[in-house]
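Below you'll find the structure, written out as structure tokens, and then a few comments.
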Amino acid sequence: GSRPSGGGGCIGRRSPVGSRNVGRVHLGHTRERMLNRIGPRPVTRGSQAYSWCVTRSSGRITAVFSSARGGARLVITTARRHRNLRRVHRGAGVRRLLRRFPRARRLSRGIYRATPRSRRIFGTRGGKVRFVAVADRSLLRNPAKLRRYLRRAGL
């Protein structure tokens, strides 16, 4: 495929939330691969996470990495329009989340897994969805580790 041009811009606000990705930001990809494959440059490039702006949104897409050379273990979006998950997105009520995902499982306080086998998770606070993410299976099996990764993402 054609390589996106580097430089300015943000990731599209209608990027799909897949089973292993949010838009072009994929689980398992290294920092280098993301810098080469994703057109816009990250707006923040920390030692543990990269974040991209989202077009016409206050939200961000953040990838959290396992180690200095490792791949992304967690990809999070806080953009409202990243919503093709049965119309559950940032700002949606927890009741809608549980109605749309009747098999959702609570992993820990404020964190739900879409279905027992899904990589998709929802973070909630105050009765509202705060973020949608896809997580590596090793994080899904270990809620304490998942919370550590969420902290690295600034959540």
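Things to note:
- Within the range 73-91, being buried (at least 21 other Cβ atoms within 10 Å of the Cβ) and part of a loop (DSSP other than H, G, I, E, B) holds for Thr78, Ala79, His82, Val88, His89, Arg90.
- The set of residues from the range 56-72 being surrounded by 13 or more Cβ atoms within 10 Å (Cβ to Cβ) and under 18 Å from Arg33 (Cβ atoms) comprises Ile61, Thr62, Ala63, Val64, Phe65, Ser66, Gly71, Ala72.
- Test: residue in the range 76-91 that is within 12 Å of Val134 (Cβ to Cβ) and modelled with pLDDT of 95 or more: yes
Each row is one residue, and each column tells you yes or no for (1) in contact with a strand residue (DSSP E or B) (Cβ under 6 Å, 6 or more places away or on another chain); (2) assigned to a loop (DSSP other than H, G, I, E, B); (3) of a type in the set (Gly, Ala, Ser).
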site: Ser58; (1), (2), (3): no, yes, yes
site: Pro102; (1), (2), (3): no, yes, no
site: Thr115; (1), (2), (3): no, yes, no
site: Arg148; (1), (2), (3): no, no, no
site: Gly154; (1), (2), (3): no, yes, yes
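- Of the residues making up the range 94-103, one or more are at pLDDT 95 or above and under 20 Å from Arg137 (Cα atoms).
- The residue of the range 113-126 that is farthest from the chain's Cα centre (by Cα), among those that are open to solvent by 30 Å² or more (accessible area, probe 1.4 Å) and either without any contact (Cβ under 8 Å) to a residue 12 or more places away in the chain or within 19 Å of Gly59 (Cβ to Cβ) (or both), is Gly126.
- Counting residues in the range 127-141 that are under 16 Å from the mean Cα position of the chain (by Cα), over 25 Å from Arg13 (Cα atoms) and open to solvent by less than 20 Å² (accessible area, probe 1.4 Å) gives one or more.
- Hits in the range 15-30 - residues which are surrounded by fewer than 19 Cβ atoms within 10 Å (Cβ to Cβ) and touching a His at 6+ places or on another chain (Cβ under 8 Å): Pro16, Arg20
- Lone unmet requirement of (1) crowded, with 19+ Cβ neighbours inside 10 Å; (2) over 13 Å from the mean Cα position of the chain (by Cα); (3) closer than 26 Å to Pro102 by Cα for Pro40: (3)
The values are calculated or read from the model by the stated rules, or taken from the named source; none is laboratory data. As the structure is a prediction and not an experimental result, all values here were calculated from the model. Quick reminder, even Gly has a Cβ in these numbers, built from the backbone with ideal geometry, and neighbours come from all protein chains shown. Surface accessibility is based on the protein's heavy atoms, side chains included, excluding ligands, DNA and RNA. Shrake-Rupley method; radii C 1.70, N 1.55, O 1.52, S 1.80 Å.
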